[in-house]
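What follows draws every value from the coordinates through simple rules; no lab data is involved. Since the model is a prediction, treat every value here as computed from it, not as a measurement. Note that we place each Cβ from the backbone using ideal geometry, even for glycine, and neighbour counts take in every protein chain shown.
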Amino acid sequence: MKKRQHVRKAIIIITFLLFPILIFYFSPYLIIIGAIEGIVAASMIMFFLQFVSSLFLGRSPCGYFCPVGGLQECLMLVNNKKAKGGKWNFIKYCIWVPWVAAIAILFVCSGGIYKVDFFFHTTNGVSLNEPFTYAIYYGVILIIVVLALTSGKRAFCHYICWMAPFMVIGSKVADFLKIPKLHLKSNKDSCINCKKCSEKCPMSLDVNNMVKNEKMKNMECILCGECIDACPKKAIVYSFKKN
């Protein structure tokens with residue numbers, strides 16, 4: 001394992017260890033509660049920042065900073081099978097669309113935005129401040145664990161993550177506006193078909209086939225760099241140049 005992967009995994013594991021503090025800053029539920037009162041909560045700000053970051057960094061925050069990703073990569077020690085993904089990836093959008101619509105409707109019904117409260121429903125910035133919040137926390141953890149153990153690597157990211165669509169949309173907007181952003185670039189002539197890139201991919205993508213076709217764009221790619229560091233011939237690299 002390359003040094004970059006040691007650092008990357010250390011960061012996402014640390015963010016997972018901080019998840020009891022951070023969970024409300026990524027909470028889809030808290031946005032709803034805030035919208036009812038006309039309050040912009042921290043998670044709404046965080047999701048907006050994820051969208052903005054994706055214009056330049058794609059889905060790399062999923063690979064380098066996501067606390068849920070940290071737990072899922074730890075669970076790969078138990079179940080390292082590929083997630084089925086593919087045709088089931090649409091599920092997260094079926095969750096995301098009505099959720100975003102509900103937020104917009106609730107803000108309209110509350111008369112608009114009255115204030116921004118980054119520490120809404122936290123105590124001194126800490127999320128788990130009441131007994132019932134632990135039930136929410138462990139409920140989320142249980143869902144992540146069950147999906148990882150039954151459906152494979154980073155199944156939560158594929159199927160029900162409410163944060164991923166913000167970055168997928170941001171990436172598509174960047175492509176439409178031709179904004180240079182972080183992406184993978186391949187050289188099929190250097191590929192020896194060892195398939196180590198596909199084996200290492202935490203998102204269960206067929207990276208080897210992507211390299212051979214020199215079509216590295218995939219909206220499920222989290223730009224973690226595992227394929228780059230696994231390739232013995234350096235056939236895959238990061239690039240900021242326009243696709």
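The table for this structure:
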quantity: Beta bridges per DSSP with both ends in the chain, % antiparallel, nearest 5; calculated: 60 percent
quantity: Percentage of interatomic Cα-Cα distances in the chain larger than 27 Å; calculated: 38 percent
quantity: For the chain: relative contact order, % (alpha-carbon pairs under 8 angstrom, 6 or more apart); calculated: 28 percent
quantity: Anchor LYS9: aspartates and glutamates whose Cα lies under 19 Å away (excluding residues fewer than 8 positions away in-chain); calculated: GLU73, GLU199, GLU220, GLU226, ASP229
quantity: Highest to lowest packing among 86-94, 178-186, scored as the average C-beta count within 10 Å; calculated: 178-186, 86-94
quantity: Net +/- balance of residues flanking PRO202 in space, Cβ distance below 13 Å, scoring K and R +1, D and E -1; calculated: +3
quantity: 21 Å Cα-Cα threshold exceeded, pairs from LYS2/LYS92; LYS178/LYS241; LYS217/LYS241; LYS82/LYS195; LYS84/LYS153; calculated: LYS2/LYS92
quantity: Helix runs (DSSP H) in the chain reaching 15 Å along axis by Cα, Kyte-Doolittle at least 1.0; calculated: 42-57, 91-109, 131-151, 164-176
